1. Just to be sure I understand the filter: pairs with C-beta atoms under 9 Å, separated by 6 or more residues or on different chains, first member in region 377-390 and of a type in the set (D, E, K, R), second member assigned to a helix (DSSP H, G or I) and surrounded by 19 or more Cβ atoms within 10 Å (Cβ to Cβ). Which pairs pass?
2. Which strands (runs of 3 or more DSSP E) sit wholly inside region 239-349 and have at least 2 residues that are of a type outside the set (A, V, I, L, M, F, W, C)?
3. Taking the stated definitions as given, is Ser44 touching a Phe, Trp or Tyr at 6+ places or on another chain (Cβ under 7 Å), within 30 Å of Val300 (Cα to Cα) and buried (at least 17 other Cβ atoms within 10 Å of the Cβ)?
4. In region 350-364, which residues are in a loop (DSSP other than H, G, I, E, B) and of a type outside the set (S, T, N, Q)?
5. Does region 120-138 contain at least one residue that is over 29 Å from the mean Cα position of the chain (by Cα), surrounded by 17 or more Cβ atoms within 10 Å (Cβ to Cβ) and either modelled with pLDDT of 95 or more or on the phi < 0 side of the Ramachandran plot (or both)?
6. What is the residue count in region 15-39 for residues that are crowded, with 20+ Cβ neighbours inside 10 Å and within 23 Å of Arg343 (Cβ to Cβ)?
7. So, Arg277, is that one closer than 16 Å to Pro388 by Cβ, among the charged types (D, E, K, R) and either in the same structural domain as Ala351 (by TED's automatic domain parsing) or touching a His at 6+ places or on another chain (Cβ under 6 Å) (or both) or not?
8. Take Lys296 and decide whether it is of a type in the set (Lys, Arg), outside the structural domain of Ile149 (by TED's automatic domain parsing) and over 30 Å from Ala147 (Cβ atoms).
Amino acid sequence: MFTVLHSGSVHGVEGKRISVEVDISSGLPQVNVVGLPDPAVRESVERVRAAIKNSGFKFPLDRITVNLAPADLRKEGTAFDLAIAAGILTASGQLPAAPFDNAILIGELSLNGKIRPVHGVLALLEMAKRSGIRKVLLPLGNAEEAAWIGGMELFAVSDLRELAEGGWEGIRYEPGKAAVPGGSKTRKTEEEEPFGDYSDVIGQQQAKRAMLVAAAGKHNVILLGPPGTGKTMMIRRLPTILPPLTEAEALEVTKIYSAAGKLAQGADGLMRIPPFRSPHHTISSAGLIGGGSIPKPGEVTLAHKGILYLDELAEFSRQVLEVLRQPLEDRIVTIARAKAVFRFPADIMLAASLNPCPCGFHGHEYGDNRCICSPSAIARYKAKISGPLLDRIDLQLEVPRPAAIAGSAGRSSVPSLSSAEMRAVVTEARRRQAARQKEFGGANIKLSGAALRRAVRLRPDAAGLLDNAFDALGISMRAYDRILRLARTIADIEAADEIGAEHVAEALQYRRLDRKQTIP
């Protein structure tokens, strides 16, 4: 007998519909799985055989052929187990085929017939919905996550035996049992960590202003300075001033973490806090932007709609840093393989910290702290960061050691804004950008060409200052456009419709490395 069921596979971060065709015919007892399966899929034969027997069914002693179509698409993972087992049981007449019509089956089988949860459920359900499939049979452990995709009939099972006990109505899952998008709770990731508040930062008012501007316009930022001046502390507080993700953004980011298997078990709600990723400097190029024989998302994609923080930027290998150039410009990662091209979203805000030399004190000597690096060591250190990469970083700010800390309690005499106050400013600036986006087709950071020229209404004094800076500093055309975007964001923070000379002047002071053309 022959039967066809539907399952799915995650390629990159997107779901692909896979037809599971099962044919049982006379012949020597054997099972063949074809259609470019990887080892985990081929091994499913033994899992399915044991699960069927241990669940009280009979495994057919015939020739069984399982085809995963389309046959030219590489299949990986264990999500096909349930579909293969159900296909064998329906083809052999042990289960009725009708309930499986227009349904997608997802799940991994254990040897005793238990059904384990799998990764990438959100991507697979989005694919099913686009394909017109409304019924989903999946592990009970994935049901809450699947309930976030509306308009689907969910049937959750924890054991293969449940398919033969009372039909599908007994395993229908009610979405009301799960947290719904927009609820008060927030989905957490495995690496999520608590962040501090900007009110804790003593001094460094200019750096805090730079963080505010960066967050308001999603601009890339680098902080340069000696050790212990608060560079890392300042950047790690960036998530506290970012607005929560919108409904569409939250679902998109949660889908990426689901596909990567990085959602924490037992947490509920979509990811509402923008992700913050901080990879170690020993990371490889594939780990940063994604890779593998069947490419998986890297740190850039895991930071989508959030922040990618590279601490001690010059400690990363130059080869790793250079792969960031295309994602920072296009906001997408493209990985080509012989049989397919994978595209991963990469709408990130890059934040980095950097010492001026390997010891950290070149140009910042004080007390007994003196630079001990040779000129050649400093030159090698600087060479890790190319000009084209620096060109893509909008805010390049020096963070010096505070001259003094006022107050008997060790607090600065200048009032320090809290994260909540800064977040209110960022939210209002983004609201102004969103209103402008309807006319010009993009947020500030995405504006380019004619749309950028129309969006940035320069006053004569601002235009003159920018033209003089272009000639005096010798900045590139890319940096010129980024200064325009940065000035537009500063004007949004000040609730100004036109860009004035004061906004351009502030944007120019953030391009410190352009002024010196090198790291001090």
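The values are calculated or read from the model by the stated rules, or taken from the named source; none is laboratory data. A quick note: this is a predicted structure, and the numbers were derived from the prediction, not measured. Neighbour counts are summed over all protein chains in view; Cβ atoms, including those assigned to glycine, are modelled from backbone coordinates with ideal geometry.
1. The qualifying pairs are Lys382/Ala314; Lys384/Leu313; Lys384/Ala314; Lys384/Leu321.
2. Values: elements: 307-310, 332-336, 341-345.
Per the criteria, 341-345.
3. Numbers: touching a Phe, Trp or Tyr at 6+ places or on another chain (Cβ under 7 Å): yes; within 30 Å of Val300 (Cα to Cα): no; buried (at least 17 other Cβ atoms within 10 Å of the Cβ): yes.
No: the conditions fail for Ser44.
4. Taking region 350-364 first, the residues in a loop (DSSP other than H, G, I, E, B) are 355-364.
Listed by number, the residues that qualify are Pro356, Cys357, Pro358, Cys359, Gly360, Phe361, His362, Gly363, His364.
5. Residues of region 120-138 over 29 Å from the mean Cα position of the chain (by Cα): none.
No.
6. The number of residues fulfilling the criteria is 2.
7. Working: closer than 16 Å to Pro388 by Cβ: no; among the charged types (D, E, K, R): yes; either in the same structural domain as Ala351 (by TED's automatic domain parsing) or touching a His at 6+ places or on another chain (Cβ under 6 Å) (or both): yes.
Spelling it out, it is not the case that Arg277 is closer than 16 Å to Pro388 by Cβ, among the charged types (D, E, K, R) and either in the same structural domain as Ala351 (by TED's automatic domain parsing) or touching a His at 6+ places or on another chain (Cβ under 6 Å) (or both).
8. Working: of a type in the set (Lys, Arg): yes; outside the structural domain of Ile149 (by TED's automatic domain parsing): yes; over 30 Å from Ala147 (Cβ atoms): no.
No; evaluated as a whole, the condition is false for this residue.
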